[in-house]
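The values are calculated or read from the model by the stated rules, or taken from the named source; none is laboratory data. All figures in this text were calculated on a predicted structure; none of them were measured in a lab. In this analysis, Cβ positions are derived from the backbone assuming ideal geometry, glycine residues included, and neighbour counts consider all displayed protein chains. The area values use the complete protein model at the heavy-atom level, side chains included, leaving out ligands, DNA and RNA. Shrake-Rupley method; radii C 1.70, N 1.55, O 1.52, S 1.80 Å.
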Amino acid sequence: MIQRLIRLAMEARLNAYTPYSNFTVGAALLTTDGTVFTGCNVENAAFTPGNCAERTAVFKAVSEGYKEFEQIAIVGGKKGEQPKEYCSPCGVCRQVLVEFADPKTFQVIIAKSEEDYQVYRLEDLLPLSFGPESL
Ligand code: THU
């Protein structure tokens, strides 16, 4: 499944709209029933309205009625190049993931290729998080 998610993230990355950063990111989000939602980053001339690949995937899923997630694979790097580094999710995306995923079990896979990846628990990427349980 990890390899499949990475492959889908790589495919989604090809759709990234990044005229300002030339840094393309793809994400593939696995729901608890096995459905996968992909996303890419979508930039904007006014800069701040741009959206990360991870949030694109989460918002696509939630808007289709899915709110329970198990894993996300993320692949990012300079446009047209194989990633040289792992692309780690930004703080805003970590917070958005915490809203819908159990930080103790949800896995974040950051990949350079199908064979070269690292797996983290969301809790380790955003310790002491403020989530739905906090209210
Ligand atoms: N970006 C993502 O889509 N996901 C990440 O995990 C890191 C950053 C995007 C935002 C922006 O379009 C570009 O990468 C450069 O920051």
Failed item in (1) away from the ligand (no atom under 14 Å from the Cβ); (2) open to solvent by less than 60 Å² (accessible area, probe 1.4 Å); (3) not in a helix (DSSP H, G or I), with Ala27 passing the rest: (1)
Leading residue by the ranking (nearest to the ligand (Cβ to nearest atom)) among those in the stretch 61-95 that are surrounded by 15 or more Cβ atoms within 10 Å (Cβ to Cβ) and in a helix (DSSP H, G or I): Cys93
Index of the failed condition, Tyr117 passing every other in (1) touching a residue at least 12 places away in the same chain (Cβ under 8 Å); (2) surrounded by fewer than 18 Cβ atoms within 10 Å (Cβ to Cβ): (2)
